[in-house]
1. May I ask you to verify whether Asp212 is out of contact with any helix residue (DSSP H, G or I) (no Cβ under 6 Å at 6 or more places or on another chain), within 20 Å of Leu149 (Cβ to Cβ) and assigned by TED's automatic domain parsing to the domain that holds Leu168?
2. Any residue in region 75-96 that's at pLDDT 95 or above: show its pairings with residues that are exposed (fewer than 12 other Cβ atoms within 10 Å of the Cβ) and part of a loop (DSSP other than H, G, I, E, B) at Cβ separation under 8 Å, as long as the two are six or more apart or on different chains.
3. Report whether or not Ile203 is in a strand (DSSP E or B), buried (at least 18 other Cβ atoms within 10 Å of the Cβ) and either touching a strand residue (DSSP E or B) at 6+ places or on another chain (Cβ under 8 Å) or not β-branched (Val, Ile, Thr) (or both).
4. Which numbered condition trips up Leu113, out of (1) among the hydrophobic types (A, V, I, L, M, F, W, C); (2) in contact with a His (Cβ under 9 Å, 6 or more places away or on another chain); (3) in the same structural domain as Tyr86 (by TED's automatic domain parsing)?
5. Between a first residue in region 19-44 that is at negative phi and modelled with pLDDT of 95 or more and a second residue that is assigned to a helix (DSSP H, G or I) and of a type in the set (Val, Ile, Thr), which pairs have beta carbons less than 7 Å apart while being 6 or more apart in sequence or on different chains?
6. Please pick out the residue among Gly227, Gly165 that is surrounded by 15 or more Cβ atoms within 10 Å (Cβ to Cβ), over 23 Å from Arg52 (Cβ atoms) and either touching a Phe, Trp or Tyr at 6+ places or on another chain (Cβ under 8 Å) or not aliphatic (A, V, I, L, M) (or both).
7. For region 157-178, which residues satisfy the criterion of being of a type outside the set (Val, Ile, Thr) and in a strand (DSSP E or B)?
8. Here are Asp151, Asp198, Asp124, Asp170: which of them is acidic (Asp, Glu), buried (at least 21 other Cβ atoms within 10 Å of the Cβ) and over 26 Å from Ala76 (Cβ atoms)?
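The values are calculated or read from the model by the stated rules, or taken from the named source; none is laboratory data. From a predicted model like this one, the values you see are computed outputs, not experimental measurements. Cβ: placed from backbone, ideal geometry, glycine included. Neighbour counts: every protein chain shown.
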Amino acid sequence: MSEVRSLGYVVVSTGDLDAWEAFATGLLGLQVSERTADRLLLRNDRYWCRLRVELGSAEGVTALGWEVEGPVGLDAISRRLEAAGYDVARHDSASAGERGVMGLISFTDPDGLGVEVFYGQKADKRRFVSPTGASFVTGEAGLGHVFQLVDDEERFRELYLGILGFKLSDYIEFGPIFGTFTHCNPRHHSYAFAAVPDRPRGIGHLMLEVDDIDIVGRAYDKVLREGAAPLAISFGRHTNDQMMSFYVNSPSGFQIEYGTGGLLIDDATWRPSRYDAPNQWGHEHQRRPVTA
């Protein structure tokens, strides 16, 4: 079955491009690929754009861009989505080119978030140079992972595991509810979701992974000592993917998880588990500013 291969890009809406540029370059170590009056394109590897920040009245993630292997896979997923009742838009070459891809379809998920599926992501001949010296874990594993707060878990399970071809990684208990973690490549999870009462629906966080604990530590120092971004969750280690990370609030409100050491999955031997807690240690939710 044709299936999604990786998280290719994320689209964000904001009213403050300057704040996003300072946050993304100064703290996260992303490189500006392009800046205009109404958009900021950011990269963290050889591709032209991994994080697309657009000027708008809303704040938050507006679309996820999922990669497939080519036109045959894109057509197969389009047909499966339509058979399941989704209204799929097939974009022309001009629209695809504006996104920096060769082929593109889009639809909205059950909670109204934009989902884009594409192939042929644009590579940039310029060498990626991080302003902070960061080297990101991408390649086959894609941009990173996202965690979405949803209304109806079953509909998202059908969409991601049934139609898009994701595989189950594991579950984590969050009190009386469960988070479901899924993968589409060796990264432990590229997409996770949970129905959390009394929380706004949408992307709760985007995870970016680097290959050096010192890069994470220096970024954490910038948060604690310089106030580079509001700390949301302190440094800690997760139970399921073993990621050592911290979380900050982005200029658009959703969180960025910044970490290293994430687990890789081998589908030949992997067996999903149920974890009774999200963290081995640390990861304390912050209710007031934290300083060193």
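1. Criteria not met by Asp212.
2. Once the first residue is at pLDDT 95 or above and sits in region 75-96, its partners that are exposed (fewer than 12 other Cβ atoms within 10 Å of the Cβ) and part of a loop (DSSP other than H, G, I, E, B) give Ala76/Met1.
3. The answer is yes for Ile203.
4. The single condition Leu113 does not satisfy is (2).
5. Sorted first by the residue in region 19-44, then by its partner, the pairs are Val32/Thr25.
6. Gly165
7. Lys167, Leu168, Ser169, Asp170, Tyr171, Glu173, Phe174, Phe178
8. Within the list Asp151, Asp198, Asp124, Asp170, the selection yields Asp170.
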